[in-house]
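**Q** Sharing a structure, written as structure tokens. Questions coming.
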Amino acid sequence: MSAPTLPVVPHWIDGAEVPSASGRTAPVYDPALGIATKEVGLADAAELERAIASANAAFPAWRDLSLAKRQSVLFAFRELLNARKGELAEIITEEHGKVLSDALGEITRGQEVVEFATGLAHHLKGEYSEQVSTGIDVYSARQPLGAVAIISPFNFPAMVPAWFFPIAIAAGNTVILKPSEKDPSAAIWLAKLWREAGLPDGVFTVLQGDREAVDGLLTSPDVRAISFVGSTPVARHVYETGTAHGKRVQALGGAKNHMLVLPDADLDLVADSAVNAGFGSAGERCMAISVIVAVEPVADALVAKISDRMRGLRVGDGRRSCDMGPLVTEQHRDRVAGYIDIAERDGATIAVDGRGIQVDGDPRGFWLGPTLLDNVPTTSRAYTEEIFGPVLSIVRVPSYDAGVAVINAVPFGNGTAIFTNDGGAARRFQNEIQVGMIGVNVPIPVPTATFSFGGWKDSLFGDSRAHGAEGVRFFTQEKVITSRWLDPSHGGINLGFPEND
Ligand code: NAD
């Protein structure tokens, strides 16, 4: 008997689904069932060209539409998203594995950026200086770039694209979204929602694909800017290639987020926060806490409290009433489990072992239970590399200064947190720590949409972060206009450089 034919997730070009004809596909898994339930078409050069041509053809009319009309589409999109986000959450859980409540949470954070973009007219306002020279006024305007591309990772199939596309579209650009091939269906659902909201065809395109599609977008002269989110090696490649081809690039990379716990902290609050931030979404979050830096003498008490809470976590199919779902693929699960073996070999203590855990779900699923590693040597690859799974490490240090030194030595600089009841220590920490987003008694300090999201060091290549003021700047370019309306007194020949008088 031949294997059943799986549905193939299409592209979205010119306001309609377009089946891929490239002949290349990738499997899309239901991670809780451990089986491929779909395939996704991977774009070839012809499909790439078609997507880019469509986005460029749609640009002039969208750019020239009044701000009021563009914003009315944003408002309609926001209302539809808010009313129907449950549908999108189910798609995310089916392909990513995160529990439904967590999928809803990521949509809500993405929706915040849509709401920010409904007020974009305010952020696009230029400046005006009257009579800078006799009879001369100077003013500025922010204008869209053209067709821009968003390349997103598997772990937030709705929120990460939504960090960028609402602002890009509201500002008058057209967008090509290249989602992760691991969970490609959310993008198609969003494209259909845009059409329902009244967005003209070609303004939002979805190009399914892998490295071939990404490299095509990076090198095409007809793509003006790239917003990338993914692992650090790929972010570096995207930044270097995109900028070498004359584009604006913001490339957000990987992370290894540390939580510094001072001896005066409320250890119950710390343990709750560590478990939530370490194991939510099975640790597949760029802002997950992956290392606790415990300033002695708190480590033993903290290990006991965290272990206790971890034993109560229900791991299983995200569609059931569970706390934590599976990992995204079998390969990723095995890679993450491999880091537990490495840590063990390098001398760490396994306080809670997630290997071989009992789950509320199909035995074929890509399961790995929450794991707590104590006394992790900072030379171990389990410490130096990003794990991106449900593995929380504890590093013990003798003092606040030693803790700060540990965190500042890490090449990543996405997020960090301090837990303390000492305001002075917290204030010193926010000043001294070399990380882009800092939580004070907040374990996952993801800024709201009105601020900008992005890390330092190897967690961000480029000088623009996502959303907020930097997002608006990234998707627009400023023009400055110097204007004089002539009257007869302005006559006369003068070849000198214009001076103000
Ligand atoms: P990934 O780097 O494997 O993939 C990201 C995107 O790049 C995908 O669309 C993928 O198709 C494409 N891609 C993969 N390999 C490529 C290559 N060699 N050349 C060109 N394109 C390529 O990342 P992932 O596994 O999907 O996502 C997890 C990673 O993303 C983690 O490292 C995580 O920390 C990071 N992340 C960072 C942030 C942040 O804000 N800094 C947010 C979310 C995720």
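The values are calculated or read from the model by the stated rules, or taken from the named source; none is laboratory data. Everything numeric in this text was worked out from a predicted model, so none of it was measured. No Cβ is skipped: glycine too gets one built from the backbone with ideal geometry, and neighbour counts run over all protein chains shown. What goes into the accessible areas is simple: the full protein's heavy atoms, side chains included, and nothing from ligands, DNA or RNA. Shrake-Rupley method; radii C 1.70, N 1.55, O 1.52, S 1.80 Å.
**Q** Please enumerate the residues belonging to the range 185-213 that are near the ligand (Cβ under 9 Å from one of its atoms) and buried (at least 24 other Cβ atoms within 10 Å of the Cβ).
**A** Step one: filter the range 185-213 for residues near the ligand (Cβ under 9 Å from one of its atoms), giving 209-213.
Correct list: Gly209, Ala213.
**Q** Quick check, is Thr329 within 16 Å of the ligand (Cβ to nearest atom) and touching a helix residue (DSSP H, G or I) at 6+ places or on another chain (Cβ under 6 Å)?
**A** no
**Q** Tell me, please, whether a residue that is among the acidic types (Asp, Glu), open to solvent by less than 20 Å² (accessible area, probe 1.4 Å) and under 23 Å from Phe453 (Cα atoms) can be found in the range 93-100.
**A** No; the residues of the range 93-100 include none that is among the acidic types (Asp, Glu), open to solvent by less than 20 Å² (accessible area, probe 1.4 Å) and under 23 Å from Phe453 (Cα atoms).
**Q** Does Gly23 satisfy the condition of being on the phi > 0 side of the Ramachandran plot and in contact with a Gly (Cβ under 7 Å, 6 or more places away or on another chain)?
**A** Working: on the phi > 0 side of the Ramachandran plot: yes; in contact with a Gly (Cβ under 7 Å, 6 or more places away or on another chain): no.
No; evaluated as a whole, the condition is false for this residue.
**Q** Something else about it: Only one of these is open to solvent by 60 Å² or more (accessible area, probe 1.4 Å) and more than 18 Å from the chain's Cα centre (by Cα): Thr134, Thr118. Name it.
**A** Step by step, each of Thr134, Thr118 is checked, and only Thr134 is open to solvent by 60 Å² or more (accessible area, probe 1.4 Å) and more than 18 Å from the chain's Cα centre (by Cα).
**Q** If you check Ile418 against the conditions, is it touching a Gly at 6+ places or on another chain (Cβ under 9 Å), farther than 25 Å from Val99 by Cβ and buried (at least 21 other Cβ atoms within 10 Å of the Cβ)?
**A** yes
**Q** Kindly indicate which of Ile357, Ile350, Ile306 is modelled with pLDDT under 95 and more than 18 Å from Lys256 (Cα to Cα).
**A** Residue meeting the stated conditions: Ile357.
**Q** Need pairs with beta-carbon distance below 6 Å; first residue closer than 9 Å to Ala149 by Cβ and within the range 210-221, second near the ligand (Cβ under 9 Å from one of its atoms); sequence gap 6+ or separate chains.
**A** Short answer, once both residue conditions are applied: Val214/Ile151; Leu218/Thr241.
Yes or no, residue by residue, for (1) touching a Leu at 6+ places or on another chain (Cβ under 8 Å); (2) more than 22 Å from Ser72 (Cβ to Cβ); (3) of a type outside the set (A, V, I, L, M); (4) without any contact (Cβ under 8 Å) to a residue 60 or more places away in the chain:
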{"residue": "Ala149", "(1), (2), (3), (4)": "yes, yes, no, no"}
{"residue": "Val160", "(1), (2), (3), (4)": "no, yes, no, no"}
{"residue": "Val175", "(1), (2), (3), (4)": "no, no, no, no"}
{"residue": "Gly202", "(1), (2), (3), (4)": "no, no, yes, no"}
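**Q** In the range 36-45, is there at least one residue being free of Cβ contacts under 8 Å to residues at least 24 places away in the same chain and exposed (fewer than 13 other Cβ atoms within 10 Å of the Cβ)?
**A** no
**Q** Could I ask something else about it? Of the numbered conditions (1) in contact with a Ser or Thr (Cβ under 6 Å, 6 or more places away or on another chain); (2) open to solvent by less than 20 Å² (accessible area, probe 1.4 Å), Ala351 fails exactly one; give the number of that condition.
**A** With (1) in contact with a Ser or Thr (Cβ under 6 Å, 6 or more places away or on another chain); (2) open to solvent by less than 20 Å² (accessible area, probe 1.4 Å) applied to Ala351, the lone miss is (2).
Okay, residues lined up against (1) within 16 Å of the ligand (Cβ to nearest atom); (2) touching a Gly at 6+ places or on another chain (Cβ under 8 Å); (3) closer than 30 Å to Ile150 by Cα:
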site	(1), (2), (3)
Phe451	yes, yes, yes
Arg465	yes, yes, yes
Ala469	no, no, yes
Arg473	no, no, yes
Ser483	no, no, no
Gly492	no, no, no
Asp501	no, no, no
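**Q** Could you list, in sequence order, the residues of the range 361-382 that are touching a Ser or Thr at 6+ places or on another chain (Cβ under 8 Å) and more than 16 Å from the ligand (Cβ to nearest atom)?
**A** The answer is Leu372, Leu373, Asp374, Asn375, Val376, Thr378.
**Q** Give the range 437-454 a look and list any residue that's under 17 Å from Pro166 (Cα atoms) and of a type in the set (A, V, I, L, M), or say none.
**A** At the first step, the residues of the range 437-454 found to be under 17 Å from Pro166 (Cα atoms) are 447-453.
Within the range 437-454, just Ala449 meets the criteria.
**Q** Could you go through the range 7-23 and let me know if any residue there is of a type in the set (Val, Ile, Thr) and closer than 30 Å to Asp362 by Cα.
**A** The answer is yes, given that some residue of the range 7-23 is of a type in the set (Val, Ile, Thr) and closer than 30 Å to Asp362 by Cα.
**Q** Which condition number does Phe451 fail, the rest of (1) touching a residue at least 24 places away in the same chain (Cβ under 8 Å); (2) of a type outside the set (S, T, N, Q); (3) assigned to a loop (DSSP other than H, G, I, E, B) being met?
**A** (1)
**Q** If you scan the range 446-501, which residues turn out to be modelled with pLDDT under 95 and either open to solvent by less than 100 Å² (accessible area, probe 1.4 Å) or basic (Lys, Arg) (or both)?
**A** Once the filter is applied, which keeps residues that are modelled with pLDDT under 95 and either open to solvent by less than 100 Å² (accessible area, probe 1.4 Å) or basic (Lys, Arg) (or both), the range 446-501 yields Arg484, Asp487, Ser489, His490, Gly491, Gly492, Gly496.
**Q** Moving on to the next point. Could we say that Gly424 is at pLDDT 95 or above and crowded, with 21+ Cβ neighbours inside 10 Å here? Full working, then the answer.
**A** Values: at pLDDT 95 or above: yes; crowded, with 21+ Cβ neighbours inside 10 Å: no.
It is false that Gly424 is at pLDDT 95 or above and crowded, with 21+ Cβ neighbours inside 10 Å.
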